[in-house]
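Report on the structure given below.
Taken together, the values in this text are just the output of simple stated rules run on the coordinates, not laboratory data. Just so it is clear, the model here is predicted, and its values are computed rather than measured. No Cβ is skipped: glycine too gets one built from the backbone with ideal geometry, and neighbour counts run over all protein chains shown.
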Amino acid sequence: RVPTAGVLLLALLPYAPVGLCLLVLRVFIGVHVFLVSCALPDSVVRRFIVRVMCSVLGLLVRQSDPRLRGAGARVFIANHVTPFDHNVVSLLTSCNTPALSGAPGFICWSRGFMELGVTGSRAELVDSLREYSAHEGNPPLLLFPEEAATNGRAGLLRFSSWPFSILDVVQPVALQVRRPLVAVSVADSSWIAELLWTFFVPFTVYQVRWMPSVPRQADERSEDFALRVQELLAVELGVVSTRITAADRTEHMKRLRHTSRLPFAPASSQRPAARPRVPPSLPGGAPEDVRVMAMAQQVKEVLPHVPLEVIRTDLVQTNCVDTTIANLLEGRVPFFPESKEAGDLPAPSTSQAAAASGFQGSVAAPSSKPATKQFAKSPVERHLSLQERKRALYDYARR
């Protein structure tokens, strides 16, 4: 959210006290804007008054080609940039956006969403929206096929096909947002945080560009119709039309959060207290050796049965903790597991080493001996039983 460039950061620091004062002042003004928007009926007068009051909050709305606005279209299709895109478009024309997520109630209503009372499948939602659009007195629908907000600078998420199953004619709306000092949209940020940052910055400019209506072609599927409109919006915005869905974006964010909590995550994503300590036996070593040893200790904490020399040898080639762990787990680096009773045990064979490592089940044949349910007397049996259970868990997790 906060810029890392030196010039912008130096400009943000002296502005911070002013931004905090604006934030407190605009919170009280925002309450009045909400009350006025609730008291006045939907009309041109209401939209003009609320738009002027929103300019005091720092929300500046501009539009291009207003003659194309509402030219007989009952469904508006727009890209999604911020949690307040539907509020901004409603300042220019009457439209309703159905609530697709979140519990219905006061919060949903106060944010300007339309509650349909449909909690079932997408097919039920489409049927309800078709019934809504069949009444000429209802305002048009404003839908966001991306189903997730992006920063609007790189590309468009793949459009979902259900908004294009409602009617055969849609009107694309291109949205662009810019603001100084801080980023417009941040992944996994709540709408409350976005609202507070909007009040903090001097202004946020919304550019709304109305495009001509797009009809469905003969025998055109909803998926092809959605792809065609997505390409048109991408060209208008000057971004890439991707095939990444909102579900892919959600899964990517989950992986990022999970990776940041792993013990072998990169040092840049860890807190200083969580970084591995360099062994005191290398006080005068080269910086490269110290770094490799620190990385080896990270791998050793995750895989304590792997010899340290094997870890260091692979780290010199990969120079990556995650890659080395993956090589050891998937059996690409052969090794004999360490054991406290190494002096009393015979040298294990190749298949026993694979079974004892617990992570090379895809290479070596699985052991036919079932895991014991009682505490074994022999250290070898206890060790193999533990490793067999580990291998079963890893095979299950890998599947």
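Counting 0.36 nm for each residue step from LEU393 to ASP322 and taking away their Cα separation leaves a gain of 23.6 nm. Residues whose amide H comes within less than 5 Å of that of VAL75, counting only those at least five positions distant or on another chain, are LEU141, GLN171 (H built at 1.01 Å from N in the peptide plane). Note on ALA123 and ASN151: with the Förster distance fixed at 25 Å, the Cβ-Cβ geometry gives a FRET efficiency of about 0.20. Can you compute log10 of I(q)/I(0) for the range 112-184 with the Debye formula, treating each Cα as one identical point scatterer, at q = 0.15, 0.19 Å⁻¹? Each listed q maps to, in turn, -0.65, -0.94. When you restrict to C-alpha pairs under 8 Å that are six or more residues apart and normalise by the size of the range 290-330, the relative contact order lands at 42 percent.
The Cα center of the range 117-180 and the Cα center of the range 9-74 differ in position by 23 Å. Divide the volume of the convex hull around the Cα atoms of the range 157-225 by the residue count and you get 114 Å³ per residue. Distant-in-sequence amide contacts of GLN63, defined by a placed amide H-H separation under 5 Å and a gap of 5 or more residues or a different chain, comprise VAL208.
Length gained on full extension, ARG255 to ALA183, computed as 0.36 nm times the residue gap minus the Cα-Cα distance: 23.7 nm. Placing R0 at 30 angstrom, the Cβ-Cβ distance between ILE29 and SER190 gives a FRET efficiency of 0.90 after rounding to 0.05.
The Cα trace of the range 290-330 gives Rg and Dmax of 8.6, 27 Å, the first to one decimal, the second as a whole number. Projected label points at CYS108 and ASP224, each 7 Å from Cα along the beta carbon direction, are separated by 3.6 nanometres.
Between ILE244 and HIS135, the distance separating the two model label sites (each 7 Å from Cα on the Cα→Cβ line) works out to 4.0 nm. Normalised by residue count, the range 6-244 yields a Cα convex hull volume of 136 Å³ per residue. In a simple Cβ point-charge model (Lys, Arg +1; Asp, Glu -1; nothing else charged), the range 61-164 has a dipole of about 360 debye relative to its Cα centre.
One chain, two ends: VAL36 and LEU60. Fully extended at 0.36 nm per residue, the span grows by 6.8 nm beyond their Cα-Cα distance. Residue ranges 89-101, 176-188 sort as 89-101, 176-188 when ordered by packing (mean number of other C-beta atoms within 10 Å per residue, highest first).
Sparsely packed loop sites in the range 173-226 (the GluC sites (Glu not before Pro) outside DSSP H, G, I, E and B with at most 16 other Cβ atoms within 10 Å) comprise GLU220. With R₀ fixed at 35 Å, the C-beta to C-beta distance from ILE49 to LEU8 puts the FRET efficiency at about 0.50. Dipole of the range 34-82 computed with +1 at Lys/Arg Cβ and -1 at Asp/Glu Cβ about the Cα centre; of THR82, LEU57, VAL44, farthest Cα towards the positive end is VAL44.
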